[in-house]
1. Length gain on complete extension for the stretch E333 to D135, per 0.36 nm per residue less the alpha carbon to alpha carbon distance?
2. Please report the relative contact order for the range 275-326, taking Cα pairs under 8 Å with a sequence separation of at least 6, and give it as a percent rounded to a whole number.
3. With charges set only on the Cβ (+1 for Lys and Arg, -1 for Asp and Glu), what does the dipole of the range 219-258 come to about its Cα centre, in debye to the nearest 20?
4. Give me the number: length gained by fully extending Q43 to Y128, i.e. 0.36 nm times residue separation minus the C-alpha to C-alpha distance, one decimal in nm.
5. Where in the range 3-18 does the amide nitrogen come within less than 16 Å of the point 7 Å from the Cα of R80, taken along Cα to Cβ?
6. Using a Förster distance of 30 Å, how high is the FRET efficiency between R271 and M73, based on the Cβ-Cβ distance and rounded to 0.05?
7. What shape does the range 1-74 take by its C-alpha gyration tensor, where a ≥ b ≥ c are the square roots of the eigenvalues and a/c under 1.5 counts as rounded, a/b above b/c as prolate, and the rest as oblate?
8. Using a Gaussian network model of the chain whose springs link C-alpha atoms within less than 10 Å, name the residue from V265, V320, V174 with the highest mean-square fluctuation.
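The values are calculated or read from the model by the stated rules, or taken from the named source; none is laboratory data. Fair warning: this is a prediction, and the values are worked out from it, not measured in the lab. Cβ sites come from the backbone with ideal geometry, for glycine too, and all protein chains shown count toward neighbours. Heavy atoms of the whole protein, side chains included, go into the accessibility calculation; ligands, DNA and RNA do not. Shrake-Rupley method; radii C 1.70, N 1.55, O 1.52, S 1.80 Å.
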Amino acid sequence: MSLTFHWFLPTNGDSRHVVGGGHGTPATVSGRDRPPTVAYLSQIARAAEALGFVGALTPTGAWCEDAWLTTAMVSQNTERLKFLVAFRPGFVSPTLAAQMASTFQRQSGGRLLLNVVTGGESHEQRAYGDFLDKDARYRRTGEFLQIVRDLWEGKTVDLSGEFLQVEDARLARVPDPVPEVYFGGSSPIAGEVAAKHVDVYLTWGEPPAQVAEKIAWVRALAAKEGRSVRFGIRLHVITRDTSEQAWAEADRLLAGFDPETVESVQAGLARSESEGQQRMLALHGGGNRDGLEIHPNLWAGIGLVRGGAGTALVGSHDEVAERIKEYQAIGIEEFVLSGYPHLEEAYWFGEGVLPRLAAQGLWRHPFAERPAPAAQVPFAS
């Protein structure tokens, strides 16, 4: 089975430095270095498509551009790249969301994937008019996905739930294909929602032993529902011809972290209600710059200034390929990756790591008529 790789569209801005913020904290000033214009995001998307990434994740929240609108525009400048659109169920009705997804599929040629984000920060949710607590938001997400999936199957839906109510809901045209649903969450209720409704469970980049525990947990819950799910992981990457070059780049990024920015971001993230975010913070001790390599080639430095995904695979192309194989061995099939800047780092990974995985029979270019990229690097370190 070929592993699946996705890239990331930085709709919060891009830079040769880490763009911090997220999870209820604003994007750092580095996000202004390369504004998230449609032209620049399309450049990244076309590069990802050519290199063999299947899709591209877009974030959601107050710190970035709207994912639906941005990807709809960028999709017109690409041919086959899919878009993993992050959205929050509480901000739009389930019937409208099902209709939007159906329209996106038809207008893009079936290139929509959905990343359902329940929302772990109550203060940010309230800014959008959502005043439910965290557990209630997850229960609402379950109702939301139940309605949406029934609509996508062409059913007429009548439901009066704890949070959502629809009557005689039906789509005039169902999506073809039905978008796959991606979802992440580390709390007990998040596991229940994943087991019942999602296709791919995503985890942030924790060490393999911790990821293996999550996989076993969700797999057992899904089995009780008579279902199976696939598993993916969200990571940054810093990959170079040699290990020394990669770690020098990590050190350069770390040197650019202003102490006041680290303190401010960490204070904001410490308030997070997200269990996954708290697990990320624990990996680097809430701001500790020492001991950031928490597993061979797994670096927690990004999490000092960025909410959400806070770890990166750092090393030579061979080392990064080995770490990917390590995650594959415990059940990870899909990798959602990113790096700063996103245009250049896509080439470092796509021309450095993917050919090595292809040579071992672990990856093939998703567009079969296109050969795997040559193992060369177009940028000097």
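1. Additional length available on full extension: 68.4 nm.
2. Relative contact order for the range 275-326 comes out at 27 percent.
3. With Lys and Arg at +1 and Asp and Glu at -1, about 560 debye.
4. Contour length minus Cα-Cα distance gives 27.5 nm.
5. The answer is 3-7.
6. Plugging the Cβ-Cβ distance into 1/(1 + (r/R0)^6) gives 0.35.
7. Prolate.
8. Checking each option, the largest mean-square fluctuation is seen for V174.
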